[in-house]
Every structure is written in structure tokens, then in C-alpha cells.
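The values are calculated or read from the model by the stated rules, or taken from the named source; none is laboratory data. For clarity, every value in this text was computed on a predicted model and none was experimentally measured. Note that each Cβ is placed from the backbone with ideal geometry, even for glycine, and that neighbours are counted across all protein chains shown. Protein only, heavy atoms only, side chains kept; ligands, DNA and RNA dropped before computing areas. Shrake-Rupley method; radii C 1.70, N 1.55, O 1.52, S 1.80 Å.
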Amino acid sequence: MDLHLKDKVILVSGGAKGIGKSICVQLLEEGAVPVLLDKDEVAGMAFVKQFPRAHFISIDLNDAFACKKSIDKAEKTLGHIDGLVNNAGYNDSVGLEHGTPQKFIQSLTSNIGHFYYLTHYSLSYLKQSKGSIVNIGSKVALTGQGNTSGYAAAKGGILGLTREWAVELLPYSIRVNTVLPAEVWTPLYETWINSFADPVKKKLQIESKIPLENRMTTPEEIANMVVFLLSDRCSHVTGQWISPDGGYVHLDRSI
Ligand code: NAP
């Protein structure tokens with residue numbers, strides 16, 4: 001199926017590694033032009049060296065003004081912006097009992113703040129292109145995880161914003177959807193699982209609870225869903241929360 005994404009310019013926050021990187025690779029395969037917005041300069045530069053059609057902008061997404069400057073720069077260089085993937089995020093384990101109010105607010109800012117900054121500052125361009133927005137949430141917003149209040153609140157907020165923005169942007173035909181990963185092997189996930197005493201045992205334990213094929217979701221499987229949602233093949237899909245997770249969140253627990 002042709003997704004009609006040829007030459008479309010798509011901003012991808014956190015595009016240098018993990019799920020974001022897979023989204024950028026998939027976009028390139030569809031003939032689109034991904035713009036990686038990421039603070040990992042080594043990974044970002046390596047990506048554009050491998051894929052010269054892609055663009056990399058080094059940025060701290062927690063800086064709202066830097067978000068505006070980067071978006072304006074991308075539009076000036078490439079002439080249009082056709083989509084935005086709000087992907088960057090970090091499960092920072094700011095809990096209720098062991099966190100602090102300051103750390104909680106900081107976690108909210110770094111996990112949902114830039115979703116607003118990037119969407120707000122790219123809106124005038126997305127209105128011109130009737131672009132599409134895909135947010136990356138987390139199963140944590142639906143299931144909880146324990147000891148991660150800031151991340152859970154931010155990811156829950158992203159679900160709310162998906163519906164809110166889908167409504168506000170109806171007059172411009174801009175669609176807004178969210179993809180919720182559950183267990184996906186990425187650099188971030190690897191760091192997290194290595195925090196357990198026996199990471200191999202923990203991984204096997206998690207995989208045994210994933211109904212479809214008892215395996216983790218691949219970053220490519222998340223990317224496929226994101227790129228499909230960005231495309232006009234999803235032209236009447238908006239305000240949706242979609243869980244490509246092998247049935248992890250929604251299937252019967254007794255199976
Ligand atoms: P990842 O492997 O850490 O990749 C994320 C990239 O974003 C990294 O290059 C990171 O840079 C960058 N980044 C993060 N915060 C940034 C900021 N404030 N400014 C600039 N760059 C920033 O993460 P991932 O596992 O692919 O996760 C991507 C998204 O999926 C996140 O929103 C995450 O919450 C969500 N998710 C993932 C899973 C999973 O199983 N992996 C499950 C549920 C939800 P640094 O490495 O330098 O920080």
C-alpha cells in the first residue's frame with residue numbers, strides 16, 4: 001500500500017534512538033523526510049550520516065524557545081511541515097512515597113511539557129499542510145506501574161490532550177492520535193531492566209505475560225503503526241488511543 005508520504009516533512013522528537021529512530025527509518029522507507037529533534041548528538045549525527053536525506057537538530061526539548069527556533073528552522077530549510085511525532089520521554093521513577101514535589105513537577109515538565117511546546121509552535125505550519133500529529137504514550141497511563149507518579153501523570157495527560165487537541169483541531173482537518181507502547185526493547189528499556197538484580201530473569205518473566213507470542217513488541221512494530229496513522233490512509237481516524245502491544249493491556253488476565 002502506498003502511504004502517500006513521499007516528500008512529507010515529519011518532525012520526530014527523540015528521533016535519534018529507540019522507537020523514535022525506528023519511526024524515522026520507516027518514514028525514510030516511505031519516501032518522507034524525517035527531522036530528528038534530539039539531544040543525543042552522537043546518535044543524531046550517526047543517523048544523518050547513514051541516511052543523508054534525514055535532518056537532525058540538536059535540542060533540549062525542555063526549552064520551549066528552543067522548540068520554537070528548531071521548528072521555524074526546519075520549515076525555513078524544508079519549506080513545509082506535514083506531521084509531528086511527539087515521542088521523547090523518560091520513565092524517571094519519581095514515586096509518591098519516595099519522590100518530592102519538586103521532582104514530580106520536573107518529571108511532568110520533561111515528559112509532557114515539550115508535547116505542548118512542539119505542537120503549539122508547529123501549529124501554524126500544520127494548518128497549512130493539514131498535517132497529522134501522533135503522540136507516544138505508555139501503557140503506564142492505563143495500568144499504573146508503581147513508583148512513577150510523574151511519568152504516569154504525564155502519560156495520562158497525553159491521553160487527555162489527544163482527545164482535547166483532536167477536538168480543537170477539527171476545523172483545520174488536523175488529526176491527533178496516540179500510540180501506547182507497553183514492552184519494547186530500546187536503549188531506555190535496556191537501562192531500566194538492567195536496574196533489576198537479575199535482568200534476564202525479569203525479561204523472561206515479563207515476556208511470559210505478553211499474550212501474543214510471549215515476546216516484546218519491536219520498535220519497528222510501533223513505528224509501523226505511527227507511520228500508518230500519520231498517513232492519509234487513516235484520513236478519518238482521530239482522537240484514538242491505540243495499543244500495539246500483543247494484547248498485554250487489554251486481553252483477559254486468566255489466559
Ligand atoms: P529512548 O531509547 O531513550 O530514546 C529516546 C530518545 O529521546 C533518546 O535519544 C533521548 O536522548 C531523547 N530525549 C529524551 N528526552 C529528551 C529531551 N528532553 N530533549 C531531547 N532529547 C530527549 O526511549 P524509547 O524507549 O524509544 O521511548 C520513546 C517513547 O516511548 C517515550 O515517550 C517512552 O516513554 C515511550 N515508551 C517506551 C516504552 C518501551 O518499552 N521502550 C514503553 C512505553 C512507552 P538521551 O538518551 O540522551 O536521553
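If we scan region 128-139, do we find a residue that is part of a helix (DSSP H, G or I) and not polar (S, T, N, Q)? Before you say what the answer is, go through the steps one by one.
Narrowing region 128-139 to residues part of a helix (DSSP H, G or I): 128-129.
From what is left, the residues that are not polar (S, T, N, Q) are none.
No, that holds for no residue.
Of the residues 4, 55, 80, which single one is farther than 23 Å from residue 116 by Cα and not hydrophobic (A, V, I, L, M, F, W, C)?
Sole residue among the options that is farther than 23 Å from residue 116 by Cα and not hydrophobic (A, V, I, L, M, F, W, C): 4.
Say we look at region 180-201 and pick out the residues that are among the aliphatic types (A, V, I, L, M) and touching a helix residue (DSSP H, G or I) at 6+ places or on another chain (Cβ under 8 Å); which of these is farthest from the ligand (Cβ to nearest atom)?
Per the stated criteria, the residue is 193.
Take region 183-224 and flag every residue that is among the small types (Gly, Ala, Ser) and assigned by TED's automatic domain parsing to the domain that holds residue 156.
Narrowing region 183-224 to residues among the small types (Gly, Ala, Ser): 195, 197, 208, 223.
The answer is 223, and nothing else.
Please enumerate the residues belonging to region 206-231 that are in a helix (DSSP H, G or I), more than 23 Å from residue 176 (Cα to Cα) and within 15 Å of the ligand (Cβ to nearest atom). Lay out the reasoning, then the answer.
Going residue by residue through region 206-231, those that are in a helix (DSSP H, G or I) are 206-208, 219-230.
Pick out the ones that are also more than 23 Å from residue 176 (Cα to Cα) and you get 206-208.
Hits for region 206-231 are 206, 207.
Against the definition (among the basic types (Lys, Arg) and within 10 Å of the ligand (Cβ to nearest atom)), how does residue 130 come out, yes or no?
Spelling it out, it is not the case that residue 130 is among the basic types (Lys, Arg) and within 10 Å of the ligand (Cβ to nearest atom).
Go over the candidates 57, 19 one by one and state the one that is aliphatic (A, V, I, L, M), assigned by TED's automatic domain parsing to the domain that holds residue 106 and out of contact with any Pro (no Cβ under 6 Å at 6 or more places or on another chain). If you could, list the steps in order and put the result at the bottom.
Working: 19 fails: out of contact with any Pro (no Cβ under 6 Å at 6 or more places or on another chain).
That would be 57, the only listed residue that is aliphatic (A, V, I, L, M), assigned by TED's automatic domain parsing to the domain that holds residue 106 and out of contact with any Pro (no Cβ under 6 Å at 6 or more places or on another chain).
Residues that are surrounded by 13 or more Cβ atoms within 10 Å (Cβ to Cβ) and under 25 Å from residue 127 (Cα atoms): does region 183-206 have at least one?
So far as region 183-206 goes, no, none of its residues is surrounded by 13 or more Cβ atoms within 10 Å (Cβ to Cβ) and under 25 Å from residue 127 (Cα atoms).
Kindly provide the set of residues from region 43-63 that are open to solvent by less than 30 Å² (accessible area, probe 1.4 Å) and touching a residue at least 40 places away in the same chain (Cβ under 8 Å), ordered by number.
61
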